[in-house]
1. Assess whether Ala283 counts as being at pLDDT 75 or above and farther than 23 Å from Gly346 by Cβ.
2. Report, by residue number, each residue of the range 456-498 that is at pLDDT below 90, among the charged types (D, E, K, R) and within 27 Å of Ala527 (Cα to Cα).
3. What about Val530, is it hydrophobic (A, V, I, L, M, F, W, C) and surrounded by fewer than 18 Cβ atoms within 10 Å (Cβ to Cβ)?
4. Does Ala176 meet the test of being at pLDDT 90 or above and either part of a helix (DSSP H, G or I) or not assigned by TED's automatic domain parsing to the domain that holds Ala93 (or both)?
5. Take the range 538-590 and flag every residue that is exposed (fewer than 13 other Cβ atoms within 10 Å of the Cβ), among the acidic types (Asp, Glu) and either in a helix (DSSP H, G or I) or touching a helix residue (DSSP H, G or I) at 6+ places or on another chain (Cβ under 8 Å) (or both).
6. Tally up the residues in the range 3-50 that are hydroxyl-bearing (Ser, Thr, Tyr) and at pLDDT below 55, please.
7. Take the conditions under 22 Å from Met734 (Cα atoms) and either part of a helix (DSSP H, G or I) or in contact (Cβ under 8 Å) with a residue 24 or more places away in the chain (or both) and apply them to Ala419. Does it pass?
8. Given (1) among the polar types (S, T, N, Q); (2) under 26 Å from Gln597 (Cα atoms); (3) part of a helix (DSSP H, G or I), identify the lone condition not met by Ser487.
Amino acid sequence: MTNASEPSNVVDLSQRLDPRSDRVGALLVSVRGLATKRLHALASNMFENIDDALFDLAEKAENNAAQTQFFDGMREVRKKRAIVERTFLGQVARDLADFSAGRARAPEAETGARPLANIELSLVGENELEESLAITSMVGKNEQRLARALFAVNQRLSVICGGARMDDATNPVGPASLASAFRQAMRELLVEVKVKLIIYKLFDRYVLAGVDELYDDINNELAAAGVLPQLRHEISTRRSDAPAPIGPVAPGASAPTAPSPSAPVTDAAAAEFMQSLHTLFSARRGPAAATAPPGPLPSAAELLGALTLLQSQIALPSVATAPLASPADVTRDVAQLKAQLLAQIGQLRGQQTAHVTGIDEDTIDLVGMLFEFILEDHNLPAEMQVLLARLQIPYLKVALLDRRMFAHGSHPARQLLDALADAAKGWSADADRDGRLFDKVKSIVERLLHDFDDDVGIFDRLAVELQEFLDVSRKRAELAEQRVAESTRGREKLEQARRRAAQEIVGRIDGASLPPLIHGVLTRAWANYVVLTLLRQGDDSHEFRESLRFIDEFIASARPTHDVESRRALRTLLPGIERSLRRGLASVAFQEADTEQLLAQLLAYYRSQLGESPVAPDVVTGDLPLPQAIQAIEEPAPPEPDDELENLADEAFDEAFLAMVRELKVGQWLEFLADDGTSERAKLSWVSPISGRYLFVNRRGLKVADHSQAALAQAFAQGNARVLDSALLFDRAMDAIVGKLRTDTSTG
């Protein structure tokens, strides 16, 4: 709290400013002005250097094709510089306006509309991936480099907007938001991906590298206005929505709006946080509990000794020999630990019972509520809830030794629990048939129960061990996941090519009555050649245009010839038809004998067309035996069952469920419920830029499901699918505990 000697305009850490107030409005206008001015200067400098960089690369290009790419890119940037710059700055302004109004920044739509005029269809997925990797890399690098100043900006913007949670990802002027805005602007440029990646590097070099001064401007402006003027620039080492990093890291520090524990805090603020919790616990217990019982209270050493005795009585049975305790048993043990601890202390003292008061009782209750949350957390499979809940005694010992665990996100014990929960989130019996993950989690739990006394360093050591295990598992899963995505992408491209070939052929036939021989060649053998050409060369290639020209000529060759002129025209077409057929059929693996048989049949048909021989009845009736290779052409695969949902005229779900689907991000975990009551956990691995379908894999990288938007929306609506929370376990637990204490206090 501020004291009487401090200026009245200094904002206390526990205060929240009303975002609708005039003062906040003026501060936000000031922030927008600083951002616009600084980013406009940085972007202008970048564009000046883009021109020079592309020109230099063009001069040094190793071949004409590469040189052309760079010169074309340079011309495109010159032509559209103004609109790209305007789009970038406009998006930043919109993000700031949304933040001011309390609206969360919308995630970038990876499958949104993009200019594809000069990009081959077969490269869309790879190009998107390269862009995403480049952006992820530069955002991560700059968030780490700018961590101190960015953390201070996060805290100050959070205060002036009513205490709304702010982190690096949601900061409207953070590297992630700026990179996202620039990516939106880059969609105005029709350039090769190689040129795009060069521009992203220059954006990193000239814009993100220069935002230090912007953050200094914002921090100085807000501090001068009394917003956290004494804030120390101590930093959070990770965002709460990121996978839990583990192992020792530098402690973070800054006070959140008390008593919310979602962000790391300083030691002093940690004490203030615990004091706030003590107030809530005391209010919940009532005035009678405030009276200290007679006799000496147990020391910290006595508490730890009693816990060690209780800890020694816990044994995790081997999965191979006995089942783990049931959730009901573990829930009972968690609820009874406080009573068992007090009874144990009383027994050691030769008393009936013992009492603790003050901060020790708060700590015991807080750890108890933490593990009650774990047992109710639907993010965790039931088997993993049972395992992790056994850690209550070790974590109570840690809390008694170092209560900063509740407020420091970088505390090793907290990080280990977060990492265990994050790994467990994607666990299922089917995805872990060899039991590797389950056994690793169980091993860590057992070692903490058996080995932890008062050396907190064991959490660091186990964290490193777990991370090494997860790294190996992740690499193995990434390879499998990549194969699944490539296989799915290949099938989609094949189906798309088949549909395109069918459209071209059917459209050119246009209902005309063709002899069975001509019709069979077009819709089977030649259709396969068109598909292959689309896959290999693309729809803007010379080969594809020639394949369509053949269709037109082949259809024309079937028209009746009633006069000398029409016969002359047919004779002119025939050599080209034969050459195209030979070349096309050879490329789709026709045997030479089949090709010769087909050409002989066509020759007989054309001789009858030219009046050189009678019309062959089998050509007209369709009784002509076609080569086996033509008859055996594979038909396109039937649509996936849930494709039918795309055509529903009356959707059985609200638009809100479709919005939920569109907001899904690659890497998020979902739980799918089957009709028989079983469930499967799966991660969103890939969203097809071709069909918009969502590919899900398990933790081993193996395909679990492949859904359309409509099918996913219906699953959400019916309760057959739900998104698992991506926030860290400890953060979610502490938020829930504080909320429950406040509710209990207000209703008590």
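The values are calculated or read from the model by the stated rules, or taken from the named source; none is laboratory data. What you see is a predicted model; the values in this text were computed from it and never measured. With ideal geometry, Cβ positions are generated from the backbone for all residues, glycine too; neighbour counts draw on all protein chains shown.
1. Answer is yes for this residue.
2. Glu486, Arg489, Arg491, Glu492, Lys493, Glu495
3. no
4. yes
5. Asp552, Glu565
6. Matching residues across the range 3-50 total 3.
7. yes
8. Going through (1) among the polar types (S, T, N, Q); (2) under 26 Å from Gln597 (Cα atoms); (3) part of a helix (DSSP H, G or I) one by one, Ser487 breaks only (2).
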